[in-house]
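**Student:** There's a structure below that I have some questions on.
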Amino acid sequence: MRINELKSSEYDPYYKTYLDVLGNVELFETLGSQLNNFPQFISSIPDEKLNYAYDVGKWTISEVLVHILDTERVFQYRALRFMRGDETPLPGFDQDLYVPNSNAANRTKQSIIDEYRAIRQSTNALFFSMDKKALHCMGRASNAPMSVAALGFIICGHQKHHRNVIRNSYLG
């Protein structure tokens, strides 16, 4: 499935930024390619930069990376619920509560890479098991409609968005 096949009714406009950063990609190709290229990106970050924040009140690079992990887990769970037909509306999550409780400052780069690989392999196993019907299943999260396909693309776009932020604002 390509991103241009998504309808605007399948996601909250808040997530459009994460979709736009991807371009017209194919979902399964992007999920697969990120599994290889994102760990390479993390490996390229100098160790001394992991606990660097580019301004007061901004997250450190480690915190941004762990935020990507947390968000993928939450969105993967939403996709599972929706594809299984669970129509229970799901609440949002408070990323600003998660980050200070993430223990990111005490994480090694390798531990973040290992956790990322485990999470993305799990995401890929879930999405690669789906048929076209499952991708179009709908649910409600954060008071807005959301399709399983949109969740997959948002997982990819959220990661790419934050990778770009790290490149441009932290390492640039």
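Taken together, the values in this text are just the output of simple stated rules run on the coordinates, not laboratory data. None of the values given here were measured: they were computed from a predicted structure.
**Student:** Per DSSP helix of 4 or more residues, -39500 (n - 2.57); summed, then divided by the residues of the chain. What does that give at 222 nm, rounded to the nearest 500?
**Tutor:** That calculation yields -17000 deg cm²/dmol at 222 nm.
**Student:** First obtain the Kirkwood hydrodynamic radius of the chain from its Cα pairs, then insert it into the Stokes-Einstein equation at 4 °C and 1.567 mPa s, and state the resulting D in µm² per second as a whole number.
**Tutor:** The estimated diffusion coefficient comes to 79 µm²/s.
**Student:** Excluding same-chain pairs closer than 8 in sequence, count the lysine pairs in region 1-160 whose Cα atoms lie under 24 Å apart.
**Tutor:** Lysine pairs satisfying the spacing and distance rule in region 1-160 number 14.
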